[in-house]
Amino acid sequence: MSSNKLGIFNKLSKPFVKLVENYYPDAFIFVIVLSVLTFFLAIVNTDATPIETLEAWGSGLPKLFTFTAQITIIMITAHALAHTDPVERFLSNIGSYPNSPVQAYALVTFISGIASLFAWSFGLIVGGIISKFVAIGCAKKRIRIHYPLLVACAYSGYVIWHMGYSSSAALFVSSEGHSLVDKIGVIPVTETIFTTFNITLALITLLIITIINPLMQPTKDTEIKEIDSNVFRIGYDKDSNNLNENIKTIAQRIENNRLITIFVGLILIFFISYIFYTKGFSLDLNLVSWTFLGIGLLLSNSAIHYVKLVNNAATTIGPIILQYPFYAGIMGMMADTGLINVIASGISSISSPETLGFYAFLSGGLVNMFIPSGGGQWAVQGPVMIEAAKSLNVEPYVIVLGVAYGDQWTNMIQPFWTIPLLAIAGLHMRQIMGYTFVVFLVTGILYGGAMLFLGSG
């Protein structure tokens, strides 16, 4: 790859890197600023009074408790699975493969993208881990890697998560008895996630970002920031994870008996298989978490080993849980004051049957900045957009895909989901989001064009 091409893309990314480094606050500060902004937007654009808006904020706080519990379990079980010995050995082998910086950036992008298609939580965790393994593997080979860009490559794979196994919007409308079933019925995942359109677009997107990301690498040695020696550690204390060599009691024997975790893991896998066999390949958040739990138990060394993996996972996801009440409050203000209706109605008013999907994509991207939860966003935005689709005779699945694509698109400039990945990688979000801003621009053109092509379905 020529230095001229690298120079062009490196120059393109530099302004965004500087912008983020200087002006992007921490993710927790970001959500506080968004809360204040939403408060004033609601007062200005709706009939809600300041007190009513404050009440909407307060009433919204508990509305994501169930969803928070679901994604917490998914995140924990995915994190634990990714740190089991077999998975870590597999990732270590992969990390030693690159023989050049370009190969390293491309490999991390591709793997994190595939993992994100499997599940959004798994993509974030695997992305953070694989970036460390690749950076360490390159360091051992004396290949200089710009670690912030490598971690940005890992996060960029997240831009296709809503096209895969754990798509919140698609799973929501595929669930029996969902809140919109009387308007659109049950939409199976074969009409959303597993359509030729969605699969093709996901693969094209993954290919494009795999090509683009290496082109942003620094052209000067002085600009390269290699992995910090303090991050130069994989996994956890293996001595604490392995079977206890000083087993003295019956309780300890039970805790360290691998047959127990194998038995429970097999039961869970059997149960998931039974659900698929009896109800078809219909997914929801619970099934995703049970899948991770079952496989994690099968691959762990013992029950106590798995408990320790879960404990380590819990420390990583803590900052995310802290933010969820604030985003729930934002959701409450947008829903109860009618602000989301104002936004959606404004979009619908300028839409035609051929462009509603495109505007659903744009509005999905905008709303995601305030409600970064895919499921929470769909719960608020979905009903309004579905009404618009009915009035314009647009197929409901077009709206589902449009909102989903918008949600994953602006994740590249929304710091909320960087937290678990960065906790593993040992970086701050300001170090990576300048690069993901470029991904945001490229995928925005790609997704927008795709929705215009899809039209009304």
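Here is how the numbers come out for the structure above:
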| quantity | calculated |
| --- | --- |
| Contacts under 6 angstrom Cβ, first residue in region 416-429 being surrounded by fewer than 24 Cβ atoms within 10 Å (Cβ to Cβ), partner outside any helix (DSSP H, G or I), 6 or more apart | PHE416/PRO372 |
| Selection count, region 284-318, where residues are without any contact (Cβ under 8 Å) to a residue 40 or more places away in the chain and in contact with a Gly (Cβ under 7 Å, 6 or more places away or on another chain) | 3 |
| From the options THR49, THR53, residue that is polar (S, T, N, Q) and surrounded by 14 or more Cβ atoms within 10 Å (Cβ to Cβ) | THR53 |
| Pairs with Cβ under 8 Å, 6+ apart, first in region 188-200 and under 15 Å from LEU454 (Cα atoms), second at pLDDT below 90 and in a helix (DSSP H, G or I) | THR192/ALA169; THR192/ALA170; THR192/VAL173; THR192/SER174; ILE193/ALA170 |
| Whichever residue in region 352-362 is of a type in the set (Ser, Thr, Tyr) and under 29 Å from the mean Cα position of the chain (by Cα) and, among such residues, is farthest from TYR447 (Cα to Cα) | THR355 |
| Residues within region 108-118 that are under 16 Å from PHE133 (Cα atoms) and surrounded by 22 or more Cβ atoms within 10 Å (Cβ to Cβ), tallied | 5 |
| Residues (in contact with a Leu (Cβ under 8 Å, 6 or more places away or on another chain) and farther than 22 Å from PRO383 by Cα) located in region 163-197 | GLY164, TYR165, PHE197 |
| Failed criterion for VAL20 (all others in (1) more than 30 Å from SER289 (Cα to Cα); (2) assigned to a helix (DSSP H, G or I); (3) modelled with pLDDT under 75; (4) not charged (D, E, K, R) hold) | (3) |
| Some residue of region 189-205 being aromatic (Phe, Trp, Tyr), at pLDDT below 85 and not in a helix (DSSP H, G or I) | no |
| Test: residue in region 360-376 that is surrounded by 22 or more Cβ atoms within 10 Å (Cβ to Cβ), within 25 Å of THR46 (Cα to Cα), touching a Phe, Trp or Tyr at 6+ places or on another chain (Cβ under 7 Å) and among the hydrophobic types (A, V, I, L, M, F, W, C) | yes |
| Complete set of residues in region 296-307 that are in a helix (DSSP H, G or I) and either out of contact with any helix residue (DSSP H, G or I) (no Cβ under 6 Å at 6 or more places or on another chain) or among the hydroxyl-bearing types (Ser, Thr, Tyr) (or both) | TYR306, VAL307 |
| Breaking point among (1) in a helix (DSSP H, G or I); (2) aliphatic (A, V, I, L, M); (3) under 27 Å from TYR165 (Cβ atoms); (4) out of contact with any Ser or Thr (no Cβ under 6 Å at 6 or more places or on another chain), for LEU215 | (3) |
| Qualifying residues in region 305-319 (those that are of a type in the set (A, V, I, L, M, F, W, C) and surrounded by fewer than 21 Cβ atoms within 10 Å (Cβ to Cβ)) - the one nearest to the chain's Cα centre (by Cα) | ALA314 |
| All positions within region 430-451 that are touching a helix residue (DSSP H, G or I) at 6+ places or on another chain (Cβ under 7 Å) and under 25 Å from PRO396 (Cβ atoms) | THR443, GLY444, LEU446, TYR447, GLY448, ALA450, MET451 |
| Residue among GLY123, GLY157, GLY177 that alone is outside any helix (DSSP H, G or I) and out of contact with any strand residue (DSSP E or B) (no Cβ under 7 Å at 6 or more places or on another chain) | GLY177 |
| Selected residue [at pLDDT below 85 and closer than 30 Å to GLU176 by Cβ] from LYS238, LYS279 | LYS279 |
| Region 406-457, residues that are farther than 17 Å from ILE212 by Cα, polar (S, T, N, Q) and within 15 Å of the chain's Cα centre (by Cα) | GLN408, THR410, ASN411, GLN414, THR418 |
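The values are calculated or read from the model by the stated rules, or taken from the named source; none is laboratory data. As the structure is a computational prediction, the values presented were derived from the model and not from experiment. Note that each Cβ is placed from the backbone with ideal geometry, even for glycine, and that neighbours are counted across all protein chains shown.
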